[in-house]
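Have a look at the structure below before the remarks.
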Protein chains: 2
Amino acid sequence: MNEIANRNPTLDDVAALASVSTATVSRYLNNPKVVASATGERIREAIAQTGYIPNLLAGGLASQKSKMVAVLIPHLTDSIFNDTIQTMAEELASAGTTVMMGLTGVTQEQTDQLILAAMGRRVDAIISTAPMGPQTRDLIERFPGLFIQIWELPEDPPQLAVGFSHRDVGRDVARFLQSRGYRRPLVVTADGLRARMRSEGFLEEWQALGGGNVPELWVEVPSRFGHARRIFAEMRRMAELPDVVVCGSDHLAQGVIVEAQAAGLRVPDQLAVMGFGNAQIAGDMRPTITTVDIDGARIAREAIAAIRQHSAGGKLLVNKVDVGFRLIARESA
Amino acid sequence: MNEIANRNPTLDDVAALASVSTATVSRYLNNPKVVASATGERIREAIAQTGYIPNLLAGGLASQKSKMVAVLIPHLTDSIFNDTIQTMAEELASAGTTVMMGLTGVTQEQTDQLILAAMGRRVDAIISTAPMGPQTRDLIERFPGLFIQIWELPEDPPQLAVGFSHRDVGRDVARFLQSRGYRRPLVVTADGLRARMRSEGFLEEWQALGGGNVPELWVEVPSRFGHARRIFAEMRRMAELPDVVVCGSDHLAQGVIVEAQAAGLRVPDQLAVMGFGNAQIAGDMRPTITTVDIDGARIAREAIAAIRQHSAGGKLLVNKVDVGFRLIARESA
DNA sequence: CTGAAAGCGCTTACAG
DNA sequence: CTGAAAGCGCTTACAG
């Protein structure tokens, strides 16, 4: 009666073959220890014979947990998140959790769309790098899972934020550059919330330390290598040339170095350059790039730890995790 | 009787509120035209009032199609796939399909694990950049959805491959460099199947054209900027210096240019450099990088077109789509 | 154009 | 340690 011909074998097929109930097979799959070892052996064989692959859609529906986590990032080119996502994907996958990836772009609309999609799949958690508008906040309100904002540390996160203070980064960079003797910084700011926070922090602290007015140039978010050409050209047209360019990413910093060198300027002697993010290339560039290191992998691990705790029914102890940052002085500034 | 208190509203809640059957609400959601407009209006209101978000797990189980597609890539740092994935994620998301992302690393085991996970979620398609071992092939055999290999064009793809001939890329690069008058190439090959194919193609053609022996240096896959330092150092120790370095990626090429310049060599006059992939930076570097352009977005679109056709019940007309490639001559070689 | 009802393939109290 | 059975929240022939 059981024609397992051209369809996927089901739990029933396995159960029948192993002469046990579906409940027992299900238990074996989810918690092998609770079934007698002899029974388990028969089930294992039946699974191998049928080539059974559990239907996680059905499992998720029945158990009310999908074992999926949504990860929302703006673009794939914004490589600053790479370590975070890489770590996330690896650790989750090895725990049997699936990563649903969403590219939010820069619009609020896309973000909300993706959150809706994630909620529709009943994901256990949403991890998002996207700044939150009021609309999004309303959505999150209705999300029964865990919502984690990463790479950010807002005043009052809806549930949990894992990140660092972008403003403090800016402040530290200002102090660092002043202490190194730089006097005429040019700040290149990407047109995004976080980059702006860093710039604000920088400008604030720079003034507080008695520095003069600081010119600012803008680029699209994310700061890319390719922006350097225009930035450098605009810089050259400035009345007074800066002695250091503060960039929104290591790739932009790299671009500025390349432009400067092509123009015959020695870096850092004639023009210093500061990056952000501590990308792989920062340490490999010539000159090596002075930058701010963010432990993206740690952000991922903290987020995952929170998810596990939440899934186990535990309450969150905090609503913010500050992973901090580290200024890395290298050759370029 | 209907306490919609602390649980997610369901189709039943919406149906009750709109005084229709669940079937009608379901139809309205999936194909609005088939319900009377007055009815549709009531349903729309009920949805808004309840804040209903369809459970896609249940929907997928009932309809036997998950509206999910798995995308498998080795690493996130292997930015050569960025355009493909970006396009894929955007186009699929706007069609209501979710992207499940899998990082396969370089081991066969990880890949198989992820394919299993994808099958468990009953994804409609698996799109993979991973080279396939025999194990994987067996798995694919049992996959009822569409399996698409991308960035590759094997002899006999299990179902569909969208890519280009890596060997031909190598051959074309050889012809191009010979025609430009280069005589002593150094080939830097990444330790991966596709990069090797390109190198083989290069070496074959180079010999066929009467070129001499070609030294080869190896790097880990993927070819990165950071590999340049070691490669350049090893190159300098060679008895005869090459006149052109053929790199496995634009980032590696960029690194070699930086190293060369730091050592006081003019590029391309004293050392030419050739990249691969036409990354964004290739056109922005100084000197701009001569490379091979692959239309990653097109690979994504062809794959998606195939998925749509397959989902609509159509048969695939071909088992290979060759998107070709384009050599872009710039300044570096 | 709409409804009643079966079914998708699991999980999980509840009993024993 | 195991089984019978209800239920998760949808979709979709089948009728009308």
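Values in this text are rule-based calculations from the coordinates and carry no lab data. This one's a predicted model, so the numbers in the text were calculated from it and none came from an experiment. Using ideal geometry, Cβ is built from the backbone for each residue, glycine included, and neighbour counts are taken over all protein chains shown.
Data for the structure
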{"item": "Per-selection Rg to Rh, region A:65-149 - Cα, Kirkwood hydrodynamic radius", "result": "0.94"}
{"item": "Around residue A:108: net Lys/Arg minus Asp/Glu count, Cβ-Cβ under 13 Å", "result": "-2"}
{"item": "For region B:255-333, projected area of the alpha-carbon convex hull averaged over all directions, nm²", "result": "6.1 nm²"}
{"item": "Per DSSP, loop trypsin sites (Lys or Arg not before Pro) in region B:159-230 with at most 13 further Cβ within 10 Å", "result": "B:183"}
{"item": "Peptide-level mean, for A:244-256, of C-beta atoms on other protein chains within 10 Å", "result": "1"}
{"item": "Whole-Å distance, taken between Cα centres, linking region B:135-175 and region A:90-157", "result": "34 Å"}
{"item": "Dipole magnitude of region B:17-106, debye to nearest 20 (Cβ charges: Lys/Arg +1, Asp/Glu -1, about Cα centre)", "result": "500 debye"}
{"item": "Average other protein chain Cβ within 10 Å of Cβ, residues B:54-66", "result": "5"}
{"item": "Cα-Cα separations in region B:173-234 greater than 13 Å, expressed as whole percent", "result": "63 percent"}
{"item": "Shielding by partners, peptide B:278-286 (average Cβ within 10 angstrom, other chains)", "result": "4"}
{"item": "Pseudo-label separations to other copies for residue A:236 - Cα-to-Cβ vector, 7 Å, nm", "result": "2.9"}
{"item": "GNM top mover of B:160, B:203, B:265 - chain B, alpha-carbon springs below 10 Å", "result": "B:265"}
{"item": "Cβ-derived FRET efficiency at R0 60 Å, residue B:58 paired with residue B:241, nearest 0.05", "result": "0.35"}
{"item": "Charge context of residue A:139, other residues only, Cβ under 13 angstrom, K/R +1, D/E -1", "result": "-2"}
{"item": "Value of [θ]222 nm, deg cm²/dmol, for chain A, DSSP H segments ≥ 4, -39500 (n - 2.57) each, nearest 500", "result": "-13500 deg cm²/dmol"}
{"item": "Equivalent ellipsoid semi-axes, chain B, via Cα gyration tensor eigenvalues times 5, rooted, Å", "result": "51, 20, 17"}
{"item": "GluC sites (Glu not before Pro) within region A:157-261, DSSP loop, no more than 12 other Cβ atoms inside 10 Å", "result": "A:220, A:240"}
{"item": "From the C-alpha gyration tensor of region B:1-136, square roots of 5λ in Å", "result": "39, 15, 13"}
{"item": "For region A:119-194, convex hull volume per residue from C-alpha positions, Å³", "result": "106 Å³"}
{"item": "Spatial separation of Cα centroids for region A:1-69 and region B:1-72, in angstrom", "result": "30 Å"}
{"item": "Dipole of region B:1-141, positive direction: furthest Cα of B:72, B:97, B:61, with charges on the beta-carbon", "result": "B:61"}
{"item": "Sum of side-chain charges, residue A:40 neighbourhood, beta-carbon under 12 Å (Lys, Arg +1; Asp, Glu -1)", "result": "+2"}
{"item": "Semi-axis lengths, Å, region B:186-287, gyration tensor of Cα atoms, sqrt of 5 times eigenvalues", "result": "20, 17, 13"}
{"item": "Directionally averaged shadow of the protein assembly as shown, computed from the convex hull of its alpha-carbon atoms, nm²", "result": "34.7 nm²"}
{"item": "Evaluated at q = 0.19, 0.20, 0.25, 0.29 Å⁻¹: base-10 log I(q)/I(0), Debye formula over Cα of region B:232-272", "result": "-0.50, -0.55, -0.88, -1.16"}
